[in-house]
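K.L.:
Quick one: the structure is below, questions incoming.
The values are calculated or read from the model by the stated rules, or taken from the named source; none is laboratory data. Nothing here was measured: the structure is a model prediction, and the numbers come from that model. Methodologically, a virtual Cβ is constructed for each residue, glycine included, from the backbone with ideal geometry; neighbour enumeration extends over all protein chains shown. Ligands, DNA and RNA are stripped out before the accessible areas are found, and what is left, the full protein with its side chains, is counted by its heavy atoms. Shrake-Rupley method; radii C 1.70, N 1.55, O 1.52, S 1.80 Å.
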Amino acid sequence: MRGVSAKEEARRWAEEVHRAGGRVALVPTMGFLHRGHAALIEAGVHTGAQVAVSVFVNPLQFGPREDLAHYPLDAVRDREVARGAGAALLFTPDPEEMYPEGFATRVEVAGLSERWCGAARPGHFQGVATVVTKLLNLFRPDEAYFGEKDYQQLVLLRRLARDLDFGCRVVGVPTVREEDGLALSSRNAYLSPEERRRARAIPAALAAAAAAHARGERDAEELRRAALQVLKGAPGVRVEYVAVVDPETLEPLEAVRGPVRMLLAAWVGSTRLIDNRFLAGA
Ligand code: AMP
């Protein structure tokens, strides 16, 4: 696995892969890599593509009171995980490389960036869209892989790739979870052992909604209530939102016809966690 931190080297690497007749797959991350990130890399490797992993804690997507300064780092483990999953290139630019002095452009995906996580984190999705646009321009990948764990991000980036004619397939990869159901996340590292136990209520709330749905419940408010009941019973867990949405537009729904997605954000102590789940089937 090659490691580069200059944009021009990354661009040249991708051009060489293409010139040799290969396909380039891109996996953008903020590092502190875990099995969830590895699943994205492996999905690309599995198709025969040369996989580039970017590790960049993107300052543009953090609000002024968010955790940019404390975001967990582990460059040694990042290399191990990326190499172990079969990545061909690890791209680790520093902020000055991505945003040199005078950088002024922002990319906005209207509508999709405003609700749910976007409402709670103003500017967040603009930061995500801007950095991903830059990475798509540098690598010109044939496919880019993103986790379903960040479902709103996945939908928004699919829109972005289509709207801006990147000609790149945006592939969603199912959420990798701990044994007790908690979605793997770099931010889980912030949780104390007690908070980690309490965080179990998040997947349990989604499971309660899925169970209600499986019993035939089709009223979105009732499905939300099933999830909220679990979260309210968990001490130290504060709900930010629970929503039943159209899986493509992310518009909230009242009645459920066909497959829908439940989206959830909650605070466990001072850590904000998100998760989501498909509600589908009979
Ligand atoms: P992050 O480093 O948290 O910005 O995540 C980088 C990419 O990995 C995003 O596309 C995430 O959706 C994805 N990802 C993070 N956690 C998981 C997980 N538990 N399962 C699958 N994908 C994930």
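K.L.:
Which numbered condition in (1) over 18 Å from the mean Cα position of the chain (by Cα); (2) touching a residue at least 40 places away in the same chain (Cβ under 8 Å) is the only one that Val131 fails?
P.N.:
If we test Val131 against (1) over 18 Å from the mean Cα position of the chain (by Cα); (2) touching a residue at least 40 places away in the same chain (Cβ under 8 Å), just (1) comes out false.
K.L.:
I would also like to ask the following. Only one of these is open to solvent by 40 Å² or more (accessible area, probe 1.4 Å), among the basic types (Lys, Arg) and closer than 25 Å to Arg177 by Cβ: Arg19, Arg83. Name it.
P.N.:
Arg83
K.L.:
Only residues that are part of a helix (DSSP H, G or I), over 27 Å from Leu253 (Cβ atoms) and of a type in the set (A, V, I, L, M): list them for segment 112-163, please.
P.N.:
Correct list: Val131, Val132, Leu135, Leu136, Leu138.
K.L.:
Still on this structure, please answer the following. Scan segment 162-201 for residues that are within 15 Å of the ligand (Cβ to nearest atom), buried (at least 19 other Cβ atoms within 10 Å of the Cβ) and over 15 Å from Gly36 (Cα atoms) and report the count.
P.N.:
Number of matching residues: 5.
K.L.:
May I ask you to verify whether Phe139 is in the same structural domain as Leu73 (by TED's automatic domain parsing), closer than 23 Å to Leu89 by Cβ, under 16 Å from the mean Cα position of the chain (by Cα) and open to solvent by less than 20 Å² (accessible area, probe 1.4 Å)?
P.N.:
So Phe139 fails the test.
K.L.:
Name the residue, out of Leu182, Leu228, that is within 30 Å of Gly31 (Cβ to Cβ) and of a type outside the set (Gly, Ala, Ser).
P.N.:
Only one candidate passes the filter, namely Leu182.
K.L.:
Any idea which of Leu231, Leu273 is within 16 Å of the ligand (Cβ to nearest atom), within 21 Å of Glu148 (Cβ to Cβ) and either polar (S, T, N, Q) or crowded, with 16+ Cβ neighbours inside 10 Å (or both)?
P.N.:
The unique qualifying residue is Leu273.
K.L.:
Look through Leu250, Leu223, Leu263 and report the one residue that is open to solvent by less than 20 Å² (accessible area, probe 1.4 Å), in a loop (DSSP other than H, G, I, E, B) and over 21 Å from Glu179 (Cβ atoms).
P.N.:
Leu250
K.L.:
What are the residue pairs meeting all of these: first residue in segment 139-155, first residue within 11 Å of Cys168 (Cβ to Cβ), second residue near the ligand (Cβ under 6 Å from one of its atoms), Cβ atoms under 8 Å, and 6 or more apart or on different chains?
P.N.:
These pairs meet every condition: Tyr145/Leu40; Tyr145/Val173.
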